[in-house]
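Trainee: My questions all concern the structure below.
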2 protein chains.
Amino acid sequence: MKISQEIEKKLTGQWFAFLQEKIVEEFQNLEIEFSKKKKNKISYFKKKFWEKKDPKDGGGQYYILRNGQIFDKVGVNHSTVEGMFQQNYKSNIPGAKKNQTYWASGVSVVAHMKNPKIPAVHFNTRFVVTSKKWFGGGMDVTPSLKDLNEKKLVHKNLKLVCNNNKKSYKNYKKWCDNYFLIKHRGETRGIGGIFFDYLNKDWEKNFKFVRDVGISFIDITKMLIQKKRFLKWTKKQKQNQLVKRGKYVEFNLLYDRGTKFGLNTGGNIDAIFMSLPPDAKWK
Amino acid sequence: MKISQEIEKKLTGQWFAFLQEKIVEEFQNLEIEFSKKKKNKISYFKKKFWEKKDPKDGGGQYYILRNGQIFDKVGVNHSTVEGMFQQNYKSNIPGAKKNQTYWASGVSVVAHMKNPKIPAVHFNTRFVVTSKKWFGGGMDVTPSLKDLNEKKLVHKNLKLVCNNNKKSYKNYKKWCDNYFLIKHRGETRGIGGIFFDYLNKDWEKNFKFVRDVGISFIDITKMLIQKKRFLKWTKKQKQNQLVKRGKYVEFNLLYDRGTKFGLNTGGNIDAIFMSLPPDAKWK
């Protein structure tokens with residue numbers, strides 16, 4: 001049991017490390033290709049490492065690209081951390097009452113686009129070990145302009161990856177809508193996607209599913225960008241995007257569990273707030 | 001006892017209503033005077049009413065001025081609400097275990113200045129009645145540029161109003177520094193000010209103190225504005241202000257009790273988020 005758990009940590013950790021590099025590579029290529037076509041200066045990802053106060057509790061590395069021609073700001077974060085939950089936080093986490101130690105590894109990505117016609121995308125997959133162990137993750141999409149065809153495209157692809165892995169797209173879609181509800185506004189953050197957590201039954205199958213969601217995230221995001229990157233936008237559309245980003249900030253700071261997990265486990269501020277947009281407006 | 005409580009509610013409610021109008025008048029005059037000097041178009045406060053779902057639970061009115069020559073955004077909010085605390089929220093509030101009903105009235109102001117050399121100011125005073133009753137409030141100042149003389153001026157005046165009312169400036173200053181700590185960054189929101197709560201001993205004296213803090217807020221803010229309104233600023237200083245505003249947003253959404261109180265008691269979203277800056281940046 002102990003040995004298999006070590007192997008599971010190793011394999012998931014390696015997958016997340018690979019996926020991070022792959023996402024960065026693909027996004028960088030998009031940025032280079034588009035900037036060349038537009039004869040613009042090329043923006044590059046910068047890589048940063050961080051460690052927890054006690055380095056043996058882990059840390060992570062994140063890539064961030066700013067002021068690009070495709071991306072206003074995109075962060076690709078991979079971290080592996082361990083430690084003890086704080087007294088007042090452990091009751092939120094399954095299996096943390098018995099045993100307060102945790103180990104968690106994951107990849108998370110948030111991309112805020114320059115073109116307000118291209119939606120912001122968010123993706124995360126993670127493997128968590130307390131006295132229990134489980135996979136969680138998902139992806140969701142936040143346009144600032146309505147586009148029903150785009151919504152269909154996103155959900156068609158997410159349904160496919162769920163079906164291929166015998167997971168319930170319907171449940172995960174619902175979970176996503178519930179999770180990304182901006183309660184005080186009574187509206188969802190965007191057009192949803194999928195969200196899943198506590199997948200603990202069949203490790204092999206769940207690991208496969210989590211890998212497939214990662215690949216789908218890359219495919220879907222590339223499609224979203226390629227469809228609209230040449231479209232022109234108005235000043236008003238950019239303003240609407242900034243107001244939408246304001247609501248994104250509200251969600252992330254008021255409700256997001258990932259943000260709370262990070263702040264409560266001594267994570268790196270810049271890596272945690274990588275998800276915040278580069279700028280936002282409130283009406 | 002019941003009758004005196006009704007009178008206390010009446011008197012505080014009237015004071016808050018008066019103070020709101022007074023602040024709006026003073027700030028509007030500043031805006032008009034400065035806009036005329038600069039030969040610019042004059043921006044005016046707009047007044048909005050809101051009611052809780054069940055109007056007998058109260059509501060409020062807020063004034064908001066945007067895109068002014070002095071103020072990028074300033075909101076002056078007065079609300080009087082009553083109702084029952086939600087099950088999961090009442091444990092945060094003194095006297096709400098026995099009896100879940102509450103009545104609360106107050107004024108709050110947040111001003112985000114156009115000129116990054118003039119600090120943002122925040123002020124609030126309130127009277128809350130559960131099975132207990134108390135006054136609370138304070139004011140604090142958030143510059144984006146260091147200015148020791150300005151800091152001294154603010155604190156000198158706040159010390160004076162505390163001393164005049166036999167209140168401990170030292171304790172209230174400390175309370176303010178602790179309250180406006182942006183925990184995850186290990187830095188305070190600004191240069192502090194005073195913060196006090198649960199003042200329940202001598203109603204007459206506390207009411208007088210709360211009124212004096214309101215008047216001081218107007219005086220101090222006018223001084224801060226008049227000292228610096230003609231100073232020129234650089235693009236970089238404006239950018240620094242926007243980054244500072246990002247941290248302001250973090251504090252308000254992650255930690256601020258007023259925001260949580262509003263969201264947990266069915267307050268008006270626009271009135272609650274009046275405190276958010278018009279725009280913000282994250283590095």
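Trainee: Mind checking which strands (runs of 3 or more DSSP E) fall wholly inside segment A:80-189 and carry at least 2 residues that are touching a Leu at 6+ places or on another chain (Cβ under 6 Å), more than 30 Å from A:Lys281 (Cβ to Cβ) and more than 14 Å from chain B (Cβ to nearest Cβ)?
Mentor: Once the strands (runs of 3 or more DSSP E) in segment A:80-189 are filtered for at least 2 residues that are touching a Leu at 6+ places or on another chain (Cβ under 6 Å), more than 30 Å from A:Lys281 (Cβ to Cβ) and more than 14 Å from chain B (Cβ to nearest Cβ), what remains is A:133-142.
Trainee: Taking into account only those residues within segment A:90-124 that are among the charged types (D, E, K, R) and modelled with pLDDT under 80, which is nearest to the chain's Cα centre (by Cα)?
Mentor: Selected residue: A:Lys90.
Trainee: Just for segment A:34-47: of the residues that are touching a strand residue (DSSP E or B) at 6+ places or on another chain (Cβ under 8 Å) and surrounded by 16 or more Cβ atoms within 10 Å (Cβ to Cβ), which one is farthest from A:Leu263 (Cα to Cα)?
Mentor: Top of the filtered list is A:Ser43.
Trainee: Among (1) within 30 Å of B:Gly246 (Cβ to Cβ); (2) modelled with pLDDT of 90 or more; (3) more than 17 Å from the chain's Cα centre (by Cα), where does B:Asp177 come up short?
Mentor: With respect to (1) within 30 Å of B:Gly246 (Cβ to Cβ); (2) modelled with pLDDT of 90 or more; (3) more than 17 Å from the chain's Cα centre (by Cα), B:Asp177 is out only on (3).
Residue-wise test of (1) more than 30 Å from B:Ser4 (Cβ to Cβ); (2) within 14 Å of chain A (Cβ to nearest Cβ); (3) touching a residue at least 24 places away in the same chain (Cβ under 8 Å).
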site: B:Val210; (1), (2), (3): no, no, yes
site: B:Asp219; (1), (2), (3): yes, no, yes
site: B:Lys235; (1), (2), (3): yes, no, no
site: B:Gln239; (1), (2), (3): yes, yes, yes
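Trainee: Taking A:Tyr198, is it over 25 Å from A:Lys10 (Cβ atoms) and either facing chain B (nearest Cβ under 9 Å) or not hydrophobic (A, V, I, L, M, F, W, C) (or both)?
Mentor: Judged against the criteria, A:Tyr198 is not a match.
Trainee: Still on this structure: If a residue has to be buried (at least 21 other Cβ atoms within 10 Å of the Cβ) and in contact with a Lys or Arg (Cβ under 8 Å, 6 or more places away or on another chain) to count, how many in segment A:59-73 make the cut?
Mentor: 9
Trainee: Any residue in segment B:241-269 that is over 16 Å from B:Thr80 (Cα atoms) sitting within a Cβ distance under 6 Å of a residue that is of a type in the set (Gly, Ala, Ser)? List the pairs, counting only those 6 or more apart or interchain.
Mentor: That search, which allows pairs on different chains as well, returns B:Gln241/B:Ser144; B:Leu242/B:Ala280; B:Lys244/B:Ser144; B:Arg245/B:Ala280; B:Gly246/B:Ala280; B:Val249/B:Ala280; B:Asn252/B:Ser275.
Trainee: Right, next: Residues in segment A:268-278 that are within 7 Å of chain B (Cβ to nearest Cβ) and surrounded by fewer than 21 Cβ atoms within 10 Å (Cβ to Cβ): how many?
Mentor: Residues that pass the stated criteria total 2.
Trainee: Would a scan of segment A:52-62 turn up a residue that is in a loop (DSSP other than H, G, I, E, B), over 16 Å from A:Phe261 (Cβ atoms) and in contact (Cβ under 8 Å) with a residue 40 or more places away in the chain?
Mentor: Looking for residues that are in a loop (DSSP other than H, G, I, E, B), over 16 Å from A:Phe261 (Cβ atoms) and in contact (Cβ under 8 Å) with a residue 40 or more places away in the chain, one finds at least one in segment A:52-62, hence yes.
Trainee: Consider A:Gln20 against the criteria (1) within 14 Å of another protein chain (Cβ to nearest Cβ); (2) modelled with pLDDT of 95 or more; (3) surrounded by 15 or more Cβ atoms within 10 Å (Cβ to Cβ): it satisfies all of them except one. Which criterion is unmet?
Mentor: The number of the failed condition is (1).
Trainee: Turning to a different aspect of this structure: Out of segment B:247-267, which residues are over 24 Å from B:Val128 (Cα atoms) and either modelled with pLDDT under 85 or more than 9 Å from every other protein chain (Cβ to nearest Cβ) (or both)?
Mentor: B:Lys247, B:Tyr248
Trainee: Would you list the helices (runs of 4 or more DSSP H) that sit entirely within segment B:200-283 and hold 2 or more residues that are more than 27 Å from B:His155 (Cα to Cα)?
Mentor: B:235-254, B:257-264, B:269-272
Trainee: Separate question: Could you please find all residues in segment B:106-133 being surrounded by fewer than 24 Cβ atoms within 10 Å (Cβ to Cβ), among the hydroxyl-bearing types (Ser, Thr, Tyr) and closer than 20 Å to B:Phe16 by Cα?
Mentor: Correct list: B:Thr130 only.
Trainee: Then there's this: Based on this model, can you work out whether B:Phe230 counts as surrounded by fewer than 19 Cβ atoms within 10 Å (Cβ to Cβ), out of contact with any His (no Cβ under 8 Å at 6 or more places or on another chain) and more than 14 Å from chain A (Cβ to nearest Cβ)?
Mentor: So B:Phe230 passes the test.
Trainee: What do you reckon, is B:Val243 aliphatic (A, V, I, L, M) and within 18 Å of the chain's Cα centre (by Cα)?
Mentor: Judged against the criteria, B:Val243 is not a match.
The values are calculated or read from the model by the stated rules, or taken from the named source; none is laboratory data. Note that this is a predicted model, so its numbers are computed, not measured. All Cβ positions, even for glycine, are placed from backbone atoms using ideal geometry, and neighbour counts span all protein chains on display.
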